[in-house]
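Data block below; observations after.
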Amino acid sequence: MKKLLYLFLTIFLISCGSEQTANISSDTSKEISTSSIKVTAQSIISQMEKGNYKEGELLVRFKPGVVKASAMTHQHIGSAVIKGFDIVPNLEHVKLPEGMSVEEGILHYMSDPDVEYAEPNYIRRVAAVIPNDTFFRNQWALHNTGTYAYGTPDADIDAPEAWTITTGSSNIIIAVLDTGIDYNHNDLAGNIWTNPGETSCIDGIDNDENGYIDDCIGWNFANNNKAPMDDNGHGTHVAGIIGAVGNNGNGIAGVMWNVRLMPVKVLDSNGAGTDAEITSGIQYAVANGAKIINASLGGPNFSYSAYVAIATANAHGVLFVAAAGNNGNNNDLSPFYPASYDLPNIISVAATDQDDSRVPFSNYGEISVDVAAPGVYVLSTIPQGLYRDKDFSIGTSTAAPHVAGLAGLLMSYYNGYHNAWFNHHQIRETILRYVDVLDTLNGWIRTGGRINAYSAVSSLLAPTNLTASATSPTRVALSWSDNATGEDGYVIERMTAGESWILLTLVPSGYSSYTDNTVAGNNTYTYRVRAFNNIGESFNSAEATVTTPAREKNGGGCSIGTNQNTPSAMANLAVLMIIPLIFTVIMRRRR
């Protein structure tokens, strides 16, 4: 009798176990290993300098059969597991303890005999967009291959990478306070601002009643007329850096391919202008919708009038980008205005060369100069449809428009057009935070870095592919694609049907999943996830909706169904066949 009962229990335990366990069992005979590749800590570390990777994270794979030992290894190092991967057995995405570098983490893990390998969590980028403009190969400031002016590869602002996200927008108006612009230049004409308030450019009437007759394409304050044509060349060169039409098979590409360049001529043919003209130019730009002003000009004297004009521009949401000056001076001690005015909408720009070094002529200042940008041998447009990389190409005058163009890219992507609503202060802080920090600039300027267009524009890319799965009546698992490169973490919000959004939690940077254990059965929930940093938030990702089951699903039992594998189905069938036999034997014994 006992033997029969033991037999029954054995078959029952084999056949009526958790269906979930049967379904997730893997065929370890098909597991792919890297044992044929010689992997050492040194071979992995030697590759690190070739790419960017997530700080504080590793991908760690343990050898087959030692998964339980992995918990002890993580505990010993002080790391935490973010997630595992079904497609690569024994692989875990690991968060290192605070203060431990990626290299140190690799050395710790690779010293463990149970670890097959530990490698950085490398960042992969979409392929760069290279425009077909004739002379783009010479625009080292945007894309430095090391072949122009004997430069250093990648000593540039990573414009092609940024262009995979945005190439600008005709909604963005950038005023060029300078010697004017050759608005007939074939590489600029398509991006020149036109005044929508002027119904005619030749009727001699101030149609929009702004005090300037026939100001169809800006105003010439140096000569007080409606034609802000460049009679010096400097302003056209600056304008081309910001917004020469890109990918048109002609000439060069601006930092922005699409923009509206407002010609505001405040300097004469000799490149000189007064504070009255400059103040008038700022007033005109603000009144006519410019959101960015580029001022590649300046001098040593403080002007209260110009200060108030720029402060008023700040009140109207206008960013003011200014050249730091070309005297090799410390602006902290000998200010250069307007770059040195202490106003929150000003970005003061120093110059770097094709090797990412601060050029000797550039003014500097650890307090008053914010950031650097390329400022030598910069190829750009000049009047009469021509191009030049000398004469006008050397100076912080050419560095500033790179920053103005980057500000335009950020505004075109984050300032309302994707529901992010970044204001001009947030645009400024994004530019300053996401720089390439350089030893050559450390201690010379505030950020110690040269602008990086891709890092800035991609810093808060919205997460995508948000999914929500109810794993039980009281548990919902979320996962999403992490696209941002500069997030501090993720905001997770939840809405129950018929109610308002609530903040559920904040998830640290580097995580792309979360489990909500605060739900109830038989309810419908909608989730949304946004990247955030200390500057702002991304626009909303696609929302995901899920309905939780009313009660726990039966995880075992002896039913035979289509979801079972063959062994468990046969075992269940055996149970169903043997139960009558056991019952018959028991009844006979009782007799």
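Taken together, the values in this text are just the output of simple stated rules run on the coordinates, not laboratory data. As the structure is a prediction and not an experimental result, all values here were calculated from the model. So basically every Cβ, Gly included, is an ideal-geometry build from the backbone, and we count neighbours across all protein chains shown.
For Gly251, neighbours were defined as the other residues whose beta-carbon sits under 10 Å from its Cβ, and their charges (Lys and Arg +1, Asp and Glu -1) total -2.
Asn225 to Gln384: FRET efficiency via 1/(1 + (r/R0)^6), r the Cβ-Cβ distance, R0 30 Å, to the nearest 0.05? E between Asn225 and Gln384, to the nearest 0.05, is 0.90. Counted over segment 87-141 with a bin width of 5 Å, the fraction of Cα pairs per bin, in whole percents, is 4, 13, 17, 15, 10, 7, 6, 8, 11, 7, 2, 0.
Using the average count of surrounding beta-carbon atoms within 10 Å as a protection proxy, the listed peptides 523-529, 439-445 rank, highest first, as 523-529, 439-445.
Taking GluC sites (Glu not before Pro) across segment 77-144, the ones in a DSSP loop with at most 10 further Cβ atoms lying within 10 angstrom of their Cβ are Glu98.
Work out the length of the dipole vector of segment 136-457 about its Cα centre, built from +1 on the beta-carbon of each Lys and Arg and -1 on the beta-carbon of each Asp and Glu, and round it to the nearest 20 debye. Show your work: numbers first, answer last.
Numbers: 12 positive and 31 negative charges, 80 e Å.
The calculation lands at about 380 debye.
Enumerate by residue number the chymotrypsin sites (Phe, Trp or Tyr not before Pro) in segment 95-167 meeting two conditions: DSSP loop (anything except H, G, I, E, B), and at most 14 other Cβ atoms within 10 Å of the site's Cβ. Write down the numbers at each step before the final one.
Values: sites: Tyr109, Tyr117, Tyr122, Phe135, Phe136, Trp140, Tyr148, Tyr150, Trp163; in loops: Phe135, Trp140, Tyr148, Tyr150, Trp163.
Taking segment 95-167 and a limit of 14 other Cβ atoms within 10 Å, the loop chymotrypsin sites (Phe, Trp or Tyr not before Pro) found are Tyr150.
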